[in-house]
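For reference, the structure is listed below as structure tokens.
The values are calculated or read from the model by the stated rules, or taken from the named source; none is laboratory data. Small disclaimer: the values here were computed from a predicted structure and weren't measured. Note that each Cβ is placed from the backbone with ideal geometry, even for glycine, and that neighbours are counted across all protein chains shown.
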Amino acid sequence: MSAIAIAVGLVTSGVAAGKKAKANKEINKKGAILEDQRAEENAWYNKEVNKDITRSADVQNIMRENSENQRIADARTDAMGLTLGSTAERIDAGHDANRKRYTDSLADVAAAWGERKYNLDKYHLDKEGDYFKGRMGMQDEYAKQEQEASNQYAQTAINAFKTGVNQAGNAMGDFFGTPSSADPNKPQKV
């Protein structure tokens, strides 16, 4: 094989390896960004999903307001019971009704929290799906780069082989007296 064919093969291989390394560096950079986004998303999700609902200002206000409303309703029930001469059982039934309204409103808050948690979980799972789609895309890019590099190496080997065969044929032709290239001004041996 001639030195030119070897040099061309080495240069081609070097260029292919350089392109592959550059592409892999880009893919790795995308992977690092993807990992950072996933870490931020997981931190946000864990913070949000593990919040103590009773500590939020809205829930504190609802609980305070409900407690005050129950106290007022109990005072009204007591006053009405005394004014109308109601029995103790009747007054206790009024207090029970007031407590039920209070617990129903807290149950509404809990239901709203359950819905919020469901939405957080759904959002988080969607984000996880996006992450894995991104990772699969990166794997596809790696595979594509590997295939392109393999094709480039194979083409280089094929070209080097063809060059070697041509040179061997030319050498054999010269050895047996056949010119390697036909000169149109020279008569050919038949």
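Conditions tested, residue by residue: (1) of a type in the set (Val, Ile, Thr); (2) under 29 Å from ASN98 (Cα atoms); (3) at pLDDT 85 or above.
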position	(1), (2), (3)
GLY9	no, no, no
GLY18	no, no, no
LYS29	no, no, yes
ILE33	yes, no, yes
GLU41	no, no, yes
ASN66	no, yes, no
ALA73	no, yes, yes
Of all residues making up segment 78-125, the number that are under 19 Å from ARG64 (Cβ atoms) and polar (S, T, N, Q):
3
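This table checks each residue for (1) at pLDDT below 80; (2) surrounded by 14 or more Cβ atoms within 10 Å (Cβ to Cβ); (3) assigned to a helix (DSSP H, G or I); (4) among the aromatic types (Phe, Trp, Tyr).
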site	(1), (2), (3), (4)
GLN70	no, yes, yes, no
ASP78	no, yes, yes, no
THR83	yes, no, yes, no
ASP92	no, no, yes, no
HIS95	no, yes, yes, no
GLU115	no, no, yes, no
